[in-house]
Amino acid sequence: MCTCRSKSPWLFHMNSGSCNGCDIELIAALSPRYDAEQLGVLLKTSPRHADILCVTGPVTAKAVGAVKTVYDQIPGPKAVIAIGSCPATTNVFIDSRTLDGPLEKHIPVDVFVPGCPPRPDAIIQGVAKAAEILAERAAKGQPAAKLPVIVGDACGEPCSRAASEGQQ
């Protein structure tokens, strides 16, 4: 990411089989009420122009190839946000034969925003955390991926995945 846009993350949104609840909340985060655009967050129409991939929904078997292709099209450094419970765990669809999730099985995920659907302010918090991760990667020349971060969880405070699993 170039220095001039280091604080202006550009997002590409991909629905990998969701019910559209998380999609609606992502768009609400960009609406005038929450106004993430004032922070420089823009939704782009091409993954080639984005820094952050936002994925909603459980990964369906038919969407796996598209998810990997879109991820590969985003120039580095890049980050991935899994929005909602479905890309993280496949949620209520866990035993469906049409799914090949969770998302982390196919591409590295940097930030999880749990919820069904998560609130727009939690999504904005996730984008801010992903922007921090991008800034670190740009400064250090893309280090190896660390444990993903979970933002806006039940306690309302950001916490690392390791801490939430009791591995401190």
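Beyond 24 Å in Cα-Cα separation lie the following of the pairs K62/K129; K44/K68; K105/K140: K62/K129; K105/K140.
The Rg/Rh ratio for region 9-141 is 0.95, where Rg is the radius of gyration of the alpha carbons and Rh is the Kirkwood radius.
FYI, it's all coordinate maths here, none of it is from the lab. Just so we're clear, the structure is a prediction, and the values are computed from it rather than from any experiment.
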